[in-house]
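Some notes on the structure that comes next.
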Amino acid sequence: MKRILVTGALGQIGSELTDALRDKYGKDNVVASDLQEPCAETKAAGPCEIIDVLDKNALDAVVKHYKVDTIYHLGAILSAVGEKNPQLAYQVNMNGLFNVLEVAREQKLERVLVPSSIAAFGPDSPKNNTPNDTIQRPTSMYGVTKVAGELLGNYYVKRFGVDVRGVRYPGIISYKTLPGGGTTDYAIDIFYEALKNKKYTSFLGPDSRLPMMFMSDAIKSIMDLAEAPFESLKHHADYNVAAVSFTPQELADAIKKRIPEFEISYEPDYRQEIADSWPASLDDSCAREEWGWSHEYGLEEMVDIMLEKIQEKLS
Ligand code: NAD
Ligand code: AKB
């Protein structure tokens, strides 16, 4: 039987992943944790704990108490917040991951899942169809922690036999929990503003093409990877996963087809430099070949769902 701990369970991905894991493995088998008491809804739905991932004793105690065998480690600082406070991003993303991996090693856990990001690539990586295995020299602190996290995860597999797995997520698009301070957040903000004010000022320029993915595919990717037989994996903490790739202008055009009065304008800020250093699209053939990854949602379905669900939230 699986006993799972989710860190960062209040976040954009952690909140929806916790629900999906509870649906699959049973609500009592998934412990939600974050810096604050995970919300009333998650508490009602299953066990909840306050855990700062920088506090290894707290992690240790919760893992022992609930006999956890698998950790989904989602607690992190994202790119835009990380560039404002690189020291915090380093602390949380590096030392938090190190604590999780050490607990997994010491308590002989079955598996650790930890997302990486397109941010693990940099301006020297091929920009289009970025291969899984290529040069990685990220220039943001977030990216530095993400590539180091991948290397650390792979090291724990090889050196200690801890089964660490991770996908490199593109920008994740969702409507349930607001994003936590990333460079791809424009692609969520735009829907709220389109519905509320019929206009949006993008902090990325019109032609900033980035890989993106709808939340349902993001959840599916990490849960599918978790279930893959170890023997079929040639990679571990560093799988490219792709779905769609678009620019702010293309997203605005798709929204305008549904809301003809919608207008977009552009005022690029410090996040433009971060976006410019990332891939425009990813080659995810390793994930497709090694564990059968495939995405379901394209741009048009995603735009329809986002507009419908956010409209429901706003009314
Ligand atoms: P988020 O910012 O929405 O949530 C992160 C959560 O971590 C928050 O609830 C926060 O309270 C928690 N947290 C921060 N510091 C912590 C600490 N010291 N101890 C415990 N919890 C702490 O982030 P997210 O979008 O849900 O991202 C989750 C993971 O997915 C991260 O590793 C991120 O790098 C990765 N990822 C996300 C995206 C995306 O578009 N959302 C894309 C690529 C990769
Ligand atoms: C961010 O923009 O920081 C995240 C990511 C792509 O890692 N959404």
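The values are calculated or read from the model by the stated rules, or taken from the named source; none is laboratory data. The model shown is predicted, which means the values in this text are computed figures rather than measured ones. Here the Cβ positions follow ideal geometry from the backbone for every residue, glycine too, while neighbour counts run over all protein chains shown. For accessibility, only protein heavy atoms count, side chains too; no ligands or nucleic acids. Shrake-Rupley method; radii C 1.70, N 1.55, O 1.52, S 1.80 Å.
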Using a Gaussian network model of the chain with C-alpha springs under 10 Å, which one of 154, 85, 29 is most mobile by mean-square fluctuation? 85
Between segment 132-186 and segment 231-265, the Cα center-to-center distance that results, in Å: 18 Å
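How big is the Cα convex hull of the chain in projection, averaged over all directions, in nm²?
Seen from a random direction, the Cα hull of the chain projects 14.9 nm² on average.
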Quick check on the chain: of the DSSP beta bridges with both residues there, what percent are antiparallel, nearest 5%? 10 percent
Please compute the Kirkwood hydrodynamic radius over segment 166-246, one decimal place, Å, based on all pairs of different Cα atoms. 14.3 Å
Whichever aspartates and glutamates have a C-alpha closer than 14 Å to that of residue 176, once near sequence neighbours (fewer than 8 apart) are set aside: 16, 19, 41, 185, 189, 308, 312
Expected sort for 234-244, 126-136, 179-189 on mean C-beta neighbours within 10 Å, highest first, is 234-244, 179-189, 126-136
Which residues in segment 215-234 have a backbone N closer than 14 Å to a point placed 7 Å from the Cα of residue 258 along the Cα-to-Cβ line? 215
Protein chains only, probe 1.4 Å: how do 73, 295 rank by accessible area, largest first? 295, 73
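Using the alpha carbons of segment 25-122, what is the convex hull volume per residue in cubic angstrom, as a whole number?
On the way: hull volume 11.5 nm³, N = 98.
Taking only Cα atoms, segment 25-122 has a hull volume of 117 Å³ per residue.
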Which percent of the accessible area of segment 76-315 is formed by carbon and sulfur heavy atoms (probe 1.4 angstrom)? 51 percent
What accessible area per residue comes out for the chain, rounded to a whole number of Å², with a 1.4 Å probe? 42 Å²
Which of the three applies to segment 235-315, rounded, prolate or oblate, going by the alpha-carbon gyration tensor with a ≥ b ≥ c and a/c under 1.5 meaning rounded? oblate
Can you give the angle from 0 to 90° between the axis of helix 186-197 and the longest principal axis of the chain, with both taken from C-alpha atoms, to the nearest 10? 50 degrees
Positive minus negative residues near residue 315 (Lys, Arg vs Asp, Glu; Cβ under 15 Å): +1
Cross-link list 27/108; 84/158; 24/64; 234/256; 146/196; 2/84: which exceed 32 angstrom alpha carbon to alpha carbon? 84/158; 234/256; 146/196; 2/84
Positive minus negative residues near residue 154 (Lys, Arg vs Asp, Glu; Cβ under 11 Å): +1
Stokes-Einstein D for segment 109-188 at 20 °C, 1.002 mPa s, Kirkwood Rh over Cα pairs, in µm²/s? 154 µm²/s
Longest principal axis of the chain (C-alpha) makes with the long axis of helix 248-258 (C-alpha) an angle, in degrees to the nearest 10, of 70 degrees
